[in-house]
Amino acid sequence: MVLNVVVVQERVSKKLDELVGDVKETGKMFDVLLNEFNSTDSLEEVNSVILSDSTVFGRFPEVVLVRENVKKVKVPIDVSPSLYGTDTVLDALKGFSVVGVDTSEILPSAHMFPSFLLVNVGVQGIRYGSSLHVEDSVPFIYTSADLKREARKGGYRITSTWSVESKRWKCQFNILRDICSKFSDLVFVLFDESFSLGYLGARSVDERKAVVESFVEVMKCFRDLRVVPIGVFYTRSSALCASLIRGLFCKDKSCCKDCVAEARSKGELDKLPCEEMLMKDSTLIDRFVDFGWRSMVFQVLNRVTREHDLEIYGFYLKVGGGNVLRVEFPSWALRWVEQIGIVVLGQACLGGGYPYVLERAHEQAYISYSERNWVYEYVSKLLREKYGLDLKISRKELRKRRGIV
């Protein structure tokens with residue numbers, strides 16, 4: 001099967017006005033919100049409004065509390081987009097120990113028996129200003145029996161859907177514990193994922209609990225090891241924008257629930273400020289700050305952080321035109337917020353817009369199609385040699401691998 005290019009062209013053309021409409025509307029609404037934002041002398045009122053209205057969490061999946069009474073901060077590196085990858089950036093990072101970590105998985109599958117989970121952890125570590133450089137790739141394998149034992153131990157009813165996230169954190173820590181011991185001082189470790197775990201919001205209670213417990217355990221161990229963990233990722237979240245609208249533009253409203261109910265009764269939902277002004281945080285930051293600047297520090301509030309009392313802090317960092325990263329870290333790492341900004345911006349410059357050590361860690365972690373097939377064949381070979389059995393693969397999976405033609 002191939003993509004029908006002609007039909008795609010026709011349908012994209014029909015939707016073009018809607019696609020560009022988002023950009024045009026953002027330009028108009030941005031000015032309204034920006035004027036309100038600039039006119040306030042203190043951002044503390046945003047927090048008081050958010051905390052006084054519990055219905056705000058029914059209106060938005062995620063909001064933030066402002067934890068720094070500034071609107072934007074210049075990261076103390078003297079660089080510009082034209083200096084990507086130059087000695088200026090290396091000088092700024094001199095003395096920093098930076099590690100990137102990423103994973104790739106072969107997942108348990110209903111199409112194979114026996115099934116298993118393989119987590120491949122890739123790392124890249126550099127002590128800038130010295131010759132210390134570490135690069136590695138380490139696989140971990142878990143059978144269905146391993147996953148069931150852990151589920152029983154934790155009192156969970158589930159054994160597979162949460163296993164990837166839960167095991168990923170533990171595997172990464174096992175590798176990082178050894179890697180970071182090679183560095184004699186504070187180590188900044190970059191992860192290509194969110195620490196606020198908002199993606200778990202739609203999962204079952206058991207799934208959320210299992211992953212959060214693994215995450216919290218690993219974060220505590222990092223703190224004891226003097227490792228500063230940093231989540232760096234792209235997001236479509238509008239949490240900061242939602243908080244600014246609710247805390248500034250709609251601060252005189254009693255609560256979101258009543259406001260929405262009234263607008264619905266009048267058939268005017270589309271005229272609500274949170275409908276007209278809401279945009280992605282990255283769009284807001286891209287227009288509001290310059291290259292090398294970050295937003296104020298904020299605390300992330302979503303279903304998972306509130307349910308499990310997770311104190312996750314973060315900020316947005318502009319590392320290029322249209323290139324805005326969200327940076328997250330546990331509350332105890334707040335003391336190093338300036339260094340975190342230097343590390344992430346410096347790494348983004350070295351990586352041409354995305355952290356260099358994360359790019360290299362991804363290369364180490366990646367499992368290619370041929371490598372995946374080799375793993376399946378190797379498991380089948382051992383089963384055949386020792387037990388006279390083969391790895392059983394469903395007809396559907398075989399068709400996907402071989403193709404119909």
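Structural remarks
- Given (1) of a type in the set (S, T, N, Q); (2) farther than 30 Å from Val324 by Cα; (3) within 21 Å of the chain's Cα centre (by Cα), number of the condition Ser238 does not satisfy: (2)
- Residue match in the range 179-186 (condition: under 30 Å from Asp53 (Cβ atoms) and open to solvent by less than 50 Å² (accessible area, probe 1.4 Å)): no
- Members of the range 21-62 found to be within 17 Å of Leu272 (Cβ to Cβ), open to solvent by 50 Å² or more (accessible area, probe 1.4 Å) and not in a helix (DSSP H, G or I), listed by number: Pro61
- Matching residues, the range 124-137, being part of a strand (DSSP E or B) and open to solvent by 40 Å² or more (accessible area, probe 1.4 Å): Arg127, His133, Glu135, Asp136, Ser137
- Within the range 175-202, no residue that is without any contact (Cβ under 8 Å) to a residue 12 or more places away in the chain sits with its Cβ atom under 6 Å from a residue that is open to solvent by 10 Å² or more (accessible area, probe 1.4 Å) and not acidic (Asp, Glu) at 6+ positions apart or across chains.
- Scanning the range 214-237 for residues that are touching a helix residue (DSSP H, G or I) at 6+ places or on another chain (Cβ under 8 Å), aromatic (Phe, Trp, Tyr) and more than 15 Å from Val99 (Cβ to Cβ) gives Phe215, Tyr234.
- Every residue from the range 107-127 that is at pLDDT 95 or above and not aliphatic (A, V, I, L, M): Asn120, Gly122, Gln124, Gly125, Arg127
- Across the range 91-106, the number of residues qualifying as without any contact (Cβ under 8 Å) to a residue 60 or more places away in the chain and not small (Gly, Ala, Ser) comes to 2.
- Subset of the range 107-150 [in contact with a Pro (Cβ under 7 Å, 6 or more places away or on another chain) and touching a residue at least 60 places away in the same chain (Cβ under 8 Å)]: Phe116, Leu118, Asn120
- Count of the range 142-151 residues, restricted to those that are touching a strand residue (DSSP E or B) at 6+ places or on another chain (Cβ under 9 Å) and loosely packed, with under 15 Cβ neighbours inside 10 Å, is 1.
Yes/no per residue for (1) touching a helix residue (DSSP H, G or I) at 6+ places or on another chain (Cβ under 6 Å); (2) exposed (fewer than 14 other Cβ atoms within 10 Å of the Cβ); (3) of a type in the set (Gly, Ala, Ser):
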residue	(1), (2), (3)
Asp102	yes, no, no
Ser109	no, no, yes
Gly122	yes, no, yes
Phe140	yes, no, no
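- When the range 176-202 is limited to residues that are farther than 15 Å from Arg303 by Cα and in a loop (DSSP other than H, G, I, E, B), the one that is nearest to the chain's Cα centre (by Cα) turns out to be Glu193.
- Just one of the numbered conditions (1) under 27 Å from Ser181 (Cα atoms); (2) in a loop (DSSP other than H, G, I, E, B) is not true of Ser104: (2).
- Just one of (1) touching an Asp or Glu at 6+ places or on another chain (Cβ under 7 Å); (2) more than 30 Å from Val289 (Cβ to Cβ) fails for Met29. It is (2).
- Here the strands (runs of 3 or more DSSP E) wholly within the range 277-384 that include at least 1 residues being under 27 Å from Glu105 (Cα atoms), at pLDDT 95 or above and β-branched (Val, Ile, Thr) are 312-320, 323-330.
- In the range 330-381, the residue that is surrounded by the fewest Cβ atoms within 10 Å (Cβ to Cβ) out of those that are closer than 30 Å to Pro114 by Cα and of a type in the set (S, T, N, Q) is Ser370.
The values are calculated or read from the model by the stated rules, or taken from the named source; none is laboratory data. Treat the numbers as computed from the prediction; the structure is a model and nothing was measured. All Cβ positions, even for glycine, are placed from backbone atoms using ideal geometry, and neighbour counts span all protein chains on display. In case anyone asks, the SASA skips ligands and DNA or RNA and just uses the protein heavy atoms, side chains included. Shrake-Rupley method; radii C 1.70, N 1.55, O 1.52, S 1.80 Å.
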